[in-house]
Amino acid sequence: MVDKISNPAAAASAYANMGKLAGAPGIGAEKTESFGDVMRDVAVSAIKTMRAGETASARAVTGEASLPEVVQAVNAAELTLQTVVAVRDRLIGAYQEIMRMPI
């Protein structure tokens, strides 16, 4: 066992095999997503959360939803919006930093 750990190739192989068994992304993963794919999935999820908050609010007006349900949906939507704004600000800051780099 100690020989396998001290051998970097064996360690990398073991890590890859564990990733395949666990289905985790990373080394040895069957499918890798691009940055654009990940951002698209996050945006779709954020939109769904925001719509769920709007739907819960509309259902509350008609008396179809309970107050705790509405509060939970609106809080989730608010947290999602704050996260999206923070990510947007970071992306804009990174873009501006890249544009300031000398060529």
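Only the coordinates and a few stated rules stand behind these numbers; no lab work does. These numbers were taken from a predicted model, which means no experiment stands behind them. Because the Cβ atoms are built from the backbone with ideal geometry, glycine has one as well, and the counts that use them run over all protein chains shown.
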Exercise. Would you please put 72-83, 91-102 in order of how densely packed they are, using the mean number of other Cβ atoms within 10 angstrom per residue and starting with the highest?
Key: 72-83, 91-102
Quiz item: What is the list of residues in the stretch 66-103 whose amide nitrogen lies under 19 Å from a point 7 angstrom out from the Cα of Glu54, following Cα to Cβ?
Solution: 70-85
Practice problem: Subtract the Cα-Cα distance of Ile98 and Glu33 from 0.36 nm times their separation in residues, and report this length gain in nm to one decimal. | Solution: 21.0 nm
